[in-house]
Amino acid sequence: MIKIFEVVNGGLLTTVQDLGRQGYQKYGLAASGATDHYAHRMANILVCNNKSAATLEVTLMGLKLIVMKQTVIAITGGNLNPFINDRPAPMWTSFMVNEGDTLHFKGSASGCRAYLAVAGGIDVDVVLGSRSTDVVSQLGGMEGRALKRGDIIRVKNERTLTRRIHGRRIPPDLIPEYLSAINVRVVLGPQEDAFTEEGITTFFSSQYKVSTDSDRMACRLEGAEIAHSKSADIKSEGMFMGAIQVPKNGLPILFQAGRPSVGGYTKIGGVISVDLPRVAQLKPGDHIQFEKTSLEKAHELYREEEKMFKLLKVSC
C-alpha cells in the first residue's frame with residue numbers, strides 16, 4: 001500500500017465507497033456504496049481503475065487533503081469547487097497531483113456529491129466483500145466512519161503509474177448537468193394498489209421539495225400528500241435502491257444507497273436506475289417531480305448505459 005493523502009479536514013461528510021456490499025441485506029446490513037454510481041464509475045474510468053474500485057464520496061464542502069506522493073486522480077459528480085493549492089482543479093478529467101499539493105473542496109456550485117478516484121484505487125480493508133463505509137453499522141471504509149483530521153488515505157500498489165492516464169477526458173455530452181429541479185422516471189409498484197387513483201395522480205402531478213432531513217439513506221420529500229386506499233402498513237420486506245415508500249403521513253421517501261435492509265410501509269414505485277444519480281445530487285430545498293415509465297423502457301435505458309460504460313473502458 002502507498003500513502004497518498006493526509007486528511008487535514010474531513011469536510012461535512014466524506015466516506016470511502018465502492019459499488020456496495022452485496023448479499024447481506026438478509027442479515028440486516030445496508031448495501032451502502034456510492035450514492036451516485038454514474039459519477040463514481042466515470043471517475044474510475046478516467047484513471048483506468050476497475051469499476052468497483054473504491055473512491056472518496058465528498059458531500060457538499062470542506063474536505064481538505066495534502067498529497068503525500070505524486071499520482072493521477074479524477075474528480076467527477078457535483079461541482080464542489082475543488083482547488084489544487086490556489087487554482088481551480090479540473091473536473092471530469094484525469095490529472096497529476098504532486099507531493100505537497102493541497103486539495104480542497106470549498107463548497108457546492110452545483111450538485112451535492114463529488115467523487116475522487118485515485119489511480120490504483122483507494123485501499124482499505126474489505127469487509128463482507130466491500131470497501132464501502134456503512135456509518136450506521138460502523139463497518140467498512142475508515143473504521144466504519146467518515147474521514148477525520150489525521151487520517152491517512154492509501155492506494156493499492158497494483159501497477160506502476162504512467163503519464164499515459166494523465167489528461168483523459170469524459171466527452172462533454174456524457175457530463176451531467178446538475179439542476180435544482182429535476183424530473184425522474186418511475187416504474188409503479190410493488191404496492192400501487194394500496195393507493196387511490198387520486199393518490200397516484202397526485203404523485204405524478206406534484207412537485208416535491210427535498211427536506212433538510214435527507215441524507216445518504218433517503219431523500220425525504222415535502223409537498224402534496226398521497227392518499228392510500230387502505231393501510232400504509234405492510235409486512236416488512238426487502239428495500240431496493242430507488243424505492244419510493246409512502247408512510248401514513250402521505251409524504252414520499254425515496255431510498256438511496258444507505259437505505260435500511262427492510263421497510264414496512266407501502267411503496268408506490270421505484271426510480272429507474274439510470275435516473276438515480278441525479279437524485280443523489282439533490283440538495284435540501286431542491287425539487288423533484290416523477291414521471292411514469294415502463295419496466296421495459298427502464299431495462300432498455302440500463303442496457304444503453306452499460307454499453308456506454310464498456311466503450312469508455314476499452315480506451316484504458
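Quick notes on this one:
- Among Leu19, Leu276, Leu174, the largest mean-square fluctuation in a Gaussian network model of the chain (Cα springs under 10 Å) belongs to Leu174.
- Convex hull volume of the Cα atoms of the stretch 269-316, normalised per residue: 84 Å³.
- Cα→Cβ-extended label distance, 7 Å offset, between Lys313 and Asn157, nm: 2.7
- Per residue, the chain reaches -4000 deg cm²/dmol at 222 nm when only DSSP H runs of four or more residues are counted, each adding -39500 (n - 2.57).
- Cα centroid separation, the stretch 189-210 to the stretch 249-316 (Å): 17
- Residues Glu291 and Asp233, FRET efficiency given R0 of 22 Å [Cβ-Cβ distance, rounded to 0.05]: 0.20
- Protection proxy ranking for 234-240, 128-134, using the average of other Cβ atoms within 10 Å per residue and placing the highest first: 128-134, 234-240.
- DSSP bridge orientation in the chain - percent antiparallel, rounded to nearest 5: 90
- Note that the stretch 181-311 shows a convex hull volume over its alpha carbon atoms of 102 Å³ per residue.
- The alpha carbons of the chain give a radius of gyration and a Dmax of 19.7, 62 Å, in that order.
- Within the shell defined by Cβ-Cβ distances under 13 Å, the residues around Ala74 carry a net charge of +3, with Lys and Arg each +1 and Asp and Glu each -1.
- Size descriptors for the stretch 1-84, from the alpha-carbon set: Rg then Dmax equal 13.8, 43 Å.
- Summing +1 for each Lys or Arg and -1 for each Asp or Glu among the other residues whose beta-carbon sits under 12 angstrom from that of Ala243 gives +1.
- Taking Cβ atoms as reference points and 15 Å as the exclusive limit, the residues near Val262 contribute a net charge of +2, counting Lys and Arg as +1 and Asp and Glu as -1.
- The Lys26 and Thr212 beta-carbon pair, evaluated with R₀ = 41 Å, returns a calculated FRET efficiency of approximately 0.80.
- Subset of Lys209/Lys248; Lys267/Lys307; Lys3/Lys148 violating a 20 Å alpha-carbon distance limit: Lys267/Lys307
- Per-pair calculated FRET efficiency, R0 = 30 Å: Arg303 and Phe83 via Cβ, rounded to 0.05: 0.20
- Approximating the spin labels as points 7 Å out from Cα along Cα→Cβ, the Val8-to-Arg169 distance works out to 2.9 nm.
- Ranked by how many other beta carbons lie within 10 Å on average, peptides 262-269, 223-230, 111-118 from highest: 111-118, 262-269, 223-230
- Relative to one another, the C-alpha centroids of the stretch 60-129 and the stretch 1-23 are positioned 11 Å apart.
Taken together, the values in this text are just the output of simple stated rules run on the coordinates, not laboratory data. Keep in mind that this is a model prediction, so the values were computed, not measured. Neighbour counts are summed over all protein chains in view; Cβ atoms, including those assigned to glycine, are modelled from backbone coordinates with ideal geometry.
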